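Asks: Before I ask anything, here is the structure I am working with.
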Amino acid sequence: MATKTTNEASTRPRLEVLYNDVIRPELVSELGYSNIHEAPKLEKIVINSGIGRSKDDKKMFDLVINNITKITGQAPVETVAKNSIAGFKLREGNKIGVKVTLRKDRMYEFLDRLINIVLPRLRDFHGVSLKAFDKSGNYSIGITDQSIFPELTFDETTLIHGLQVNLVFQTKKSTDTISLLKKFGMPFQKETK
């Protein structure tokens, strides 16, 4: 069995190394688990962007695909409407958005950039909400303007579109994911009393 050299270990994403070496053992002792595999773990990050009213605009659709590709480093998959809805002038099979699922290295690298570069660039930012968790402990962040991502040029931010970032966790208790995100450095809003 081959062992990792120091050069290979240094190419691992910073947050992944931090999680495996420091955060995971801390969570096991703090949360009272008997096994290290019971600790909450980030499984994947799903990023999606809906086209909305611009669904028939080919230029807007190409722009969103280009932006999501640059932001994530991975080509997105087109999402299509499952049902026809006359009120929205939507037919079954129409392209309505794009999505990307990040795992492993790309997932940790994206989370590192999101926490340390992107969120602090938001105007009047006071932290992300503690109310955005679902019953399974997964966390969602809605971003209304893609221009806060440093990977995009000025020309790529002239047409504004938003995106949804969903952090999917493997956990026994949904409350444990808050502890994990705080250790990753997620800037949560301070609770007002």
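Read-outs throughout are calculated quantities, based only on the coordinates presented, and are distinct from any laboratory measurement. For clarity, every value in this text was computed on a predicted model and none was experimentally measured. Using ideal geometry, Cβ is built from the backbone for each residue, glycine included, and neighbour counts are taken over all protein chains shown.
Asks: Of Leu122, Pro13, Ser49, which is farthest along the charge dipole of the chain in the positive direction, counting Lys and Arg as +1 and Asp and Glu as -1 at C-beta?
Replies: The listed residue farthest towards the positive side: Ser49.
Asks: Given the -39500 (n - 2.57) contribution per DSSP H run of 4+ residues, what per-residue ellipticity at 222 nm results for the chain, rounded to the nearest 500 deg cm²/dmol?
Replies: Calculated at 222 nm, the ellipticity per residue is -7500 deg cm²/dmol.
Asks: In the calculated pair distance distribution of region 150-193, what percentage of Cα-Cα distances lie above 13 Å?
Replies: 72 percent
Asks: Then there's this: How far apart, in nm, are two points set 7 Å out from the Cα along the Cα-to-Cβ line at Lys59 and at Ile178?
Replies: 4.7 nm
Asks: Take the cross-link list Lys95/Lys131; Lys70/Lys183; Lys70/Lys190; Lys99/Lys190; Lys131/Lys182 and give me the ones stretching past 25 Å between alpha-carbons.
Replies: In this structure, Lys95/Lys131; Lys70/Lys183; Lys70/Lys190; Lys99/Lys190 exceed 25 Å between Cα atoms.
Asks: What spacing in nm lies between the two simple spin-label points modelled at Arg14 and Ile117, each 7 Å away from Cα in the Cβ direction?
Replies: Here the modelled spin labels are 1.0 nm apart.
Asks: Charges at C-beta only: +1 for Lys and Arg, -1 for Asp and Glu. How large is the resulting dipole of the chain about its Cα centre, in Debye rounded to 20?
Replies: That gives a dipole near 440 debye.
Asks: So how compact is region 106-193: Cα radius of gyration and Dmax in angstrom?
Replies: 14.0, 44
Asks: Which FRET efficiency value, to the nearest 0.05, do you get for Asn66 and Ser34 by plugging their Cβ-Cβ distance into 1/(1 + (r/R0)^6) with R0 = 41 Å?
Replies: Efficiency, rounded to the nearest 0.05: 0.30.
Asks: For Lys44 and Val22 in one chain, what is 0.36 nm times their gap in residues minus the Cα-Cα distance, to one decimal in nm?
Replies: Gain on stretching Lys44 to Val22: 5.9 nm.
Asks: Taking the chain as a Gaussian network, where each spring joins two C-alpha atoms under 10 Å apart, which residue of Val77, Val98, Val168 fluctuates the most?
Replies: Most flexible of the set in this elastic network: Val77.
Asks: GNM, the chain, Cα, under 10 Å: largest mean-square fluctuation among Leu31, Leu111, Leu152?
Replies: Checking each option, the largest mean-square fluctuation is seen for Leu31.
Asks: Taking other Cβ within 10 Å of each residue's Cβ, how do Met107, Met186, Met60 sort, fewest first?
Replies: Met60, Met186, Met107
Asks: Let me test this: with uniform point scatterers at the alpha carbons of the chain, what is the Debye-based log₁₀ I(q)/I(0) at q = 0.10, 0.14 1/Å?
Replies: -0.50, -0.90
Asks: Tell me, what HN-Hα J-couplings in whole Hz come from the Karplus equation 6.51 cos²θ - 1.76 cosθ + 1.60 at θ = phi - 60° for each residue of region 12-26, using x for Gly and Pro?
Replies: Along region 12-26, the couplings run 6, x, 4, 5, 5, 4, 4, 5, 5, 8, 10, 5, 4, x, 5 Hz.
Asks: Then there is this: Starting from 0.36 nm per residue, how many nanometres of slack lie between Gln189 and Arg103 once their C-alpha separation is accounted for?
Replies: Contour length minus Cα-Cα distance gives 28.3 nm.
Asks: Here's something else I'd like to know. Which whole-number percentage describes the relative contact order of region 42-174, with Cα contacts under 8 Å and a sequence gap of 6 or more?
Replies: Contact order relative to length: 34 percent.
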